[in-house]
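Asks: Okay, handing you the structure first.
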Amino acid sequence: MHRHARFTPQHHGAPLRGLSIRLATVEDSLAISAIELADGLPDSEPLIRAELASIAQGNLLRQSWVAEHQGGVLAYGRCSLRGAPEPPCALPPGWYLSGLRVHPTCRRRGVGRALVQARLHWVFARAARCYYYTHPRNRSSVALHAPFGFVELDPAVPTGRSDGPSRLFVLDRA
């Protein structure tokens, strides 16, 4: 089940001062799970904990970040390195911004933008190109990434997801 943030471009809250972005640790798994639960997603804390433990043990194919404010985790973002695709997936190999979720009470306050910026900085220290893909109806994701200069490569690329093809975007390092 994939839920997308409600698209409300006209609503902006005050930017959060003192927001910090850092690499996620295993200890963040409960906070990340709580963000997903607040968004109506099922509890996936054991999977989150396993992924973060894998990264801590040296998995170089993915990374995760959290956004903190006043000691609390408000959001998370991930990236992953994809290899050659296996059908039905047709995504090109490379680094992907592969997940971002902001707690519903903290949206439209610069948190998602800060996570995109941190992930791009990290990816571009390793590669000259970065991708992301999103469901065709996820206008919030498209609007969030557009100011960074992402260009749409394919409006309906097969990703292997159960909810159908996705829109594929790319950004090359300047």
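No lab work stands behind these numbers, since they all come straight from the coordinates. Since we're looking at a predicted model, the values are computed, not measured. Neighbour counts are summed over all protein chains in view; Cβ atoms, including those assigned to glycine, are modelled from backbone coordinates with ideal geometry.
Asks: If you average 1/r over every pair of different alpha-carbon atoms in the chain and take one over that average, what Kirkwood value in Å do you get?
Replies: Kirkwood hydrodynamic radius for the chain: 16.6 Å.
Asks: Given R₀ = 35 Å, FRET efficiency for A90-A34 by Cβ-Cβ distance, to 0.05?
Replies: 0.55
Asks: Let me ask you something else. Going by C-beta contacts inside 10 Å, put Y76, Y133 in order with the fewest on the left.
Replies: Going from sparsest to densest Cβ surroundings: Y133, Y76.
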